Every structure is written in C-alpha cells, then in structure tokens.
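All of the numbers you see were taken from the coordinates with simple rules; none came from a lab. In this text, all values refer to a predicted model and were calculated from it rather than measured experimentally. Here the Cβ positions follow ideal geometry from the backbone for every residue, glycine too, while neighbour counts run over all protein chains shown.
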Amino acid sequence: MNGLDEIIKQIGEDAEKTAEERLSEAREKADSIINDAKTECDALDSEAKSRDERSEGINRDRIASAVDMEKRTALLNARQELIAGVLNKAYEKVAGLDTDAYFSLMEKLMGAYAQEGEGKACFSDKDLKRMPDSFKNFVSSLSAKPGYSVTIDAKPADIENGFILSYGGIEENCTLKAIFDDRRDALSDIARKVLFGDG
C-alpha cells in the first residue's frame, strides 16, 4: 500500500500547505468567533449571577458549571468550524489542480487501487475530455502486469472528479470526495496541529 500511503501523504501535505496559507485568516476568524463566544458567555455569566442574587435557591456551582460548559462548547464548535473550513479549502485545492498534477495524482490512486482481474475505470465527462495520453499510457502499462487488465470506460460517470474502479460487480470509489471522507480523521488531525498546535 505504498502508493496509498503516498496519496495520503500528498493529500496531507496539500492540506497542511493550504492550512498554512490560510492560517492568518483562520486565526483572525477564530479570534472573532472566540471573542463572540466569550462575550456571549460573559453575558450568560452575568445573567446567571443576577438570577442567583434574585433567587436564593439557585445553586451557584451548578450555574457556573453550566456557563463553563457553554463556553467550552462554543470554543469547540469554533475550532471544528475552522478545521472543516481548512479541509474544504484543501479539497478544493486538490480538485482544482492543473491537468498534469491532477492526472499525476490519478496515476497514484490507480496504482494503489488497481488489482488482478478485469477492471474498468469510469471518469467524469470533464476528465475524459482532458485526459492526457500519458495517463492513458499509464493505465495501459497496468494491463501489462500478469493477471491485470484495466480499461478506461468511454462512457462518462456521474461523478465530479477521481474515478470509480469496477471489478465485476464490485466498485471501488476513488473520487476525491470519497478519499477525503475516508481520511477525514487523519486530515482533521493535521489541520488541528497546524491551526492550534495540538493533537
């Protein structure tokens, strides 16, 4: 699975690079969200104190705990929103690669997922139209391996990018969305480390 590790590494590096490019913007947005959350929490804290003063029966510790929980929830939501934004930017960047870089990535994916047997790779109409000969030659070279046979389906698939690799009735979804979704936890960890310096 060296090819798959390389793909994950490349996607991680792309995500990290995108995260670094957006880090300043993301930190400003995070500060704004955090400040809004703190303001809201301060208002809740103030309201809780007023209620406590008006009502002798209210348990101050319970209110403080609830306010603290709301603060932590607001901060967690802000962090998750930023991480999701970075992952979306990384996805857009990988999906928007120029033709050479995009099909270089497709070669790595195809190399990682191709297997013995008669396979068929289905691409979007856009990818079929811009597919370079070098990629077609790569797919042909896979078929030169004993037991391997991979062809590119001339009929476009209803996908945005990447490809669907079929062997008999079994399909392997190699679209970028599926790859990102499958690796979301690992990519989120990378984004979290870059944005917040933690794991």
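For G119, the residues whose modelled amide H falls within less than 5 Å of its own, excluding neighbours fewer than 5 places apart on the same chain, are S149, V150, T151.
Gap in Å between the Cα centre of region 143-181 and the Cα centre of region 82-128? The two parts, judged by their Cα centres, are 10 Å apart. Note that region 144-150 has calculated 3J(HN,Hα) couplings of 6, 6, x, x, 9, 8, 10 Hz, one per residue in order, obtained from phi through the Karplus relation 6.51 cos²θ - 1.76 cosθ + 1.60 (θ = phi - 60°); glycine and proline are x. Taking a ≥ b ≥ c as the square roots of the eigenvalues of the Cα gyration tensor, region 144-191 is prolate, since a/c reaches 1.5 or more and a/b is larger than b/c.
Residue-normalised convex hull volume from the C-alpha trace of region 99-168: 76 Å³ per residue. Evaluated at 37 °C with a viscosity of 0.692 mPa s, what Stokes-Einstein diffusion coefficient in µm²/s does region 65-199 have when Rh comes from the Kirkwood expression over alpha-carbon pairs? So the translational diffusion coefficient is about 193 µm²/s. Amide H contacts of F163 (H built 1.01 Å from N, in plane; Pro and chain starts excluded): C174, T175, L176 sit under 5 Å, all sequence-distant by 5 or more or on other chains. Modelled label positions at L128 and K193, each set 7 Å beyond Cα in the direction of Cβ, lie 4.1 nm from each other. Listed from fewest to most Cβ neighbours within 10 Å, the set M110, M131, M69 follows the order M69, M131, M110.
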